[in-house]
1. Identify all residues within the range 234-244 that are of a type in the set (S, T, N, Q) and outside any strand (DSSP E or B); write none if there are none.
2. Just name the residue that is nearest to the chain's Cα centre (by Cα) out of those in the range 245-266 that are under 14 Å from Val213 (Cα atoms) and either at pLDDT 95 or above or part of a strand (DSSP E or B) (or both).
3. Just to verify a result, which residue in the range 218-233, among those that are part of a loop (DSSP other than H, G, I, E, B) and β-branched (Val, Ile, Thr), is surrounded by the fewest Cβ atoms within 10 Å (Cβ to Cβ)?
Amino acid sequence: MSHGTPNTAANATSHQTVSASVNILAQSPQNIVSGIDALGITAEPWPWQSAAITDFNNVASPGSQLASAWARCSGDDCPTPNGYYVVVYEDLADGSTTYINSSNLETPFKVVEAGNVVQNSSLAILPQSDLNVPSNGVTRLVLMTEGLTSSDSGVADSVSYITDHWQSSDPPLGNMKLQLPSPRLQFAMSTLDNFNSPVYLALLPDGTVTGRVWRAGIEKYIGIATVEFRGGPSSAMNFSSIAATEEAMFYGISNDQIYEYSINNTDPSKFDFVGTVYP
């Protein structure tokens, strides 16, 4: 893996066992989607090894971003009780946003055609509950990308994987105009309400964070003009990079420090300071 490469991680575990795995994915100097994983984690040291995805020579475009997520069913008869991880990237061959499922690493799927996504788009992917068949577990996926609206601005787009196919979803940030892709424009997603309410976030070039929440209980979107960071160093944080987890946790880098916040369930426009992760 080269210095400064995009990277992403997905973990997997099962309610049936105490076994778990961690998958760290990145791009090699040749832009091959590759990684390392530790399978069957029960104690330290973790058994790190080259990830199987490395063997399939899936080549990303230079400058492509990466995103990953872990999806899983919830029944005792699940064929893969630990679920599976997915990774998305921009394909070198045609510029499309491409999806790989760890259950079938040799067959990438095109999710968003090149004409519908800007080059080097920020990417975020999130698992959700299957609202149509709740017993299926967290098997639905939402992918967030940037589309082009004019020669100098874009808009956040999304597609959802439901049961066995991908389909267009509502624009996750509404009609908000975004600048064209840059390292200072980043997407992240989280969830509330037991995986039923996705939280869409964007780091803007000025270092502030904006977003929108689909609230399942009231079936409507709630806009977040600017996230208020309560507690910690400042209520008006400026970040250089952001990330989020599916457990309503947010991470931001500011002045070479990594801060952790929890997304307030009552008012998702407010993030509550948890602590400093690094240093």
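The values are calculated or read from the model by the stated rules, or taken from the named source; none is laboratory data. Because the structure is a prediction, the values reported are computed rather than measured. Cβ placement follows ideal geometry from the backbone for every residue including glycine, while neighbour counts extend to all protein chains displayed.
1. Initial filter on the range 234-244 (of a type in the set (S, T, N, Q)): 234-235, 238, 240-241.
If the condition is that a residue be of a type in the set (S, T, N, Q) and outside any strand (DSSP E or B), then Ser234, Ser235, Asn238, Ser240 are the ones that fit.
2. Here is the first cut: in the range 245-266, the residues under 14 Å from Val213 (Cα atoms) are 246, 248, 263-266.
Next, from what is left, pick out any that are either at pLDDT 95 or above or part of a strand (DSSP E or B) (or both): 263-264.
Values: Ile263: 16, Asn264: 19 Å.
This residue is Ile263.
3. As a first pass, look at the range 218-233 and keep what is part of a loop (DSSP other than H, G, I, E, B): 218-219, 225-227, 231-233.
With the extra rule that they be β-branched (Val, Ile, Thr), the set shrinks to 218, 226-227.
Numbers: Ile218: 9, Thr226: 13, Val227: 25.
It comes out as Ile218.
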